[in-house]
1. Per residue of the stretch 213-222, what does 6.51 cos²θ - 1.76 cosθ + 1.60 with θ = phi - 60° give for ³J(HN,Hα)? Whole Hz please, x for Gly and Pro, Karplus curve as stated.
2. If amide hydrogens are placed 1.01 Å from N in the peptide plane, which non-local residues have theirs closer than 5 Å to the one on L86?
3. Given 0.36 nm per residue, what is the gain on full extension from S258 to M54 after removing their alpha carbon distance, in nm?
4. Can you give the percent of C-alpha pairs in the stretch 105-202 whose distance is more than 23 Å?
5. Using the charge dipole of the chain (Lys, Arg: +1 at Cβ; Asp, Glu: -1 at Cβ; taken about the Cα centre), state which of H107, P255, G189 has its Cα farthest towards the positive end.
6. Would you calculate the separation in nanometres between label points at L216 and R106, each defined as 7 Å from the Cα along the Cα-to-beta-carbon direction?
7. Debye sum, Cα scatterers, the stretch 10-255, no solvent: what log₁₀ I/I(0) at q = 0.11 1/Å?
8. Let me have the 222 nm mean residue ellipticity of the chain computed from DSSP H runs of 4+ only, each contributing -39500 (n - 2.57), with the sum over all residues rounded to the nearest 500.
Amino acid sequence: MGLMGMKSETLLFLHIPKAAGTTLSRVIERHIPARAHYRLGANAQAAVQRYNEMPAADRARYQLISGHFPYGVHEQVPGAHAYFTLLREPVDRTASFYYFLLQHPRHPLHRAMSPAQRGALTEYARTTRDTVMDNGQTRLLAGDWGTVPFGACTPAMLQQAKRNLATMDVVGLTERFDATLLLLGQRFGWTQLGYRRANRNRVRPPRVALSPAERLALLALNELDVQLYAYAAERFQQAWEKAGLQDVDFEQHYPPPSRLHDWWFRLKARPPSHWGNKVARRLLRR
């Protein structure tokens, strides 16, 4: 499905939080018309329920479903479907999530943080009960809608997550983002792969600044994710070698769009109502 307006399968982008999914979404949006993109939004479970309750003809008009949803949404998709996702090294992902919360004071999880949690990553890792920090990638890929309590992930969930990953058309890695885009472009016929980074943390120190105590605290929360990431990395390397794209110079073939073009792509990717609501929210905050 490389041409806009043509549909042979429904794409499902399982967007793992803090795994470069926002940057990837902006690339995808250049190839999928806004009217054919079903975004799950903040309440993914409710959005999936609305999708499942639509008549089959209405569901069939969507070319892409994207959001922070667990594996399994495909069960109500009419016709053929194709999954893809991006995984990220677990310590780096959870550290990024923590600093994301620090820079978003209106986020409910930020408001729930204690002063001690805001002041130290190790304290947050030690005391949090947010399941995004607790093997969050395994949870989503195993199909968990948040029913598994914090600290209760099991080896059986890891095995289910691996089985589900094995069914996906493209499994990418944040750490190999350019190569992931090349695999996606080859699989889905996408040609506009140049990008600008989006949703970057402005307050996070560099990865090397994590202390041994911080790394150990995050590893303790993500033992299953570490194993899942290793499995995904092995699968990625096999797909990369098979694809024969090693000689492609990404930066030469796919330079980043100008800021003007990037803005124009983003404007077209959303319906007018989205931008109207966004402006209204900002005005109300003043």
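1. With the stated coefficients, the stretch 213-222 comes to 5, 5, 5, 5, 5, 6, 4, 4, 7, 9 Hz.
2. I16, G172
3. So the extension gain works out to 69.6 nm.
4. Everything past 23 Å amounts to 50 percent.
5. The Cα lying farthest towards the positive end belongs to H107.
6. My value for the distance between the label points is 4.0 nm.
7. -0.60
8. After summing the helix terms and dividing by residue count, I get -14500 deg cm²/dmol.
We did not get these values from a lab; they are worked out from the coordinates using the rules stated. Just so you know, these numbers come straight off a predicted model, no measurement behind them. Cβ atoms come from the backbone with ideal geometry, glycine included; neighbour counts cover every protein chain shown.
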